[in-house]
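Beneath this line is the structure, given in structure tokens, with notes to follow.
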């Protein structure tokens, strides 16, 4: 697919590589996440049920890793779409990148803060 | 860095005869599912954070609301979107690595078969909550 490989020349090499690396991390961790929540515990989701699951360190580590990787992957994906639409001008692109980083860091910190209610 | 608009790229791909058929639809659905999942991600983070912001009862009342069969169905469709996006993503990475370019249609359908197979396992569990 020429369409996808051409992405390299537009968004930069590091975002391109980051998107692939986080894709692999997300595929593994999201499958663990979905099997535990939508297969094993389907119909039982509740505050207490989440607490029981997150009591296992491995599950907590999985979800935190998923949060980190998926927030990067989602916002970098949005960036790819917006650049395709044609965000012109150095300043506009730099400003948009800063906005995405701030939004991403906020989402990750807020997400971990939210999860920690089950840890402490 | 040169910025190429989607329109220019489509034109370039039409020129090479690549902007058509399965590859085109896979790309469009890949983008669409990606945008839907990105939007859902932030809603999901907000919902789960209610366990800390509003306390256990407020999160449980949200979960009760999500028990509605139609919302369970929408949730199942999100699982479908994740599986499509994941398996098409595997195909994209294989293409980037130069694997299976000549047989990209076969690779696409194998990936979709894997996605459908895994989706069936989730459907098996979800259907009693939807019907």
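The values are calculated or read from the model by the stated rules, or taken from the named source; none is laboratory data. Everything numeric here is computed off the predicted structure, so don't read it as measured data. We place every Cβ from the backbone using ideal geometry, glycine too, and count neighbours over all the protein chains shown.
Side notes on the structure shown:
- Unique residue being part of a helix (DSSP H, G or I), touching a residue at least 24 places away in the same chain (Cβ under 8 Å) and away from chain A (no Cβ under 11 Å) when the list is B:86, B:106, B:81: B:81
- Reported count of residues in the range B:106-116, each being under 17 Å from residue A:28 (Cα atoms) and surrounded by fewer than 18 Cβ atoms within 10 Å (Cβ to Cβ), is 1.
- In the condition set (1) within 20 Å of the chain's Cα centre (by Cα); (2) modelled with pLDDT under 95, residue B:67 is compliant with all but (1).
- Residue within the range A:45-53 that is buried (at least 16 other Cβ atoms within 10 Å of the Cβ), within 10 Å of another protein chain (Cβ to nearest Cβ), within 23 Å of residue B:85 (Cβ to Cβ) and over 15 Å from the mean Cα position of the chain (by Cα) present: yes
- Filter pass, residue B:91 being buried (at least 16 other Cβ atoms within 10 Å of the Cβ) and modelled with pLDDT of 95 or more: no
- Of all the numbered requirements in (1) modelled with pLDDT of 95 or more; (2) within 12 Å of the chain's Cα centre (by Cα); (3) surrounded by fewer than 13 Cβ atoms within 10 Å (Cβ to Cβ), residue B:28 misses one, and that requirement is (1).
- Exactly one residue among A:28, A:21, A:32 is modelled with pLDDT of 95 or more and in contact with a helix residue (DSSP H, G or I) (Cβ under 7 Å, 6 or more places away or on another chain), and that residue is A:32.
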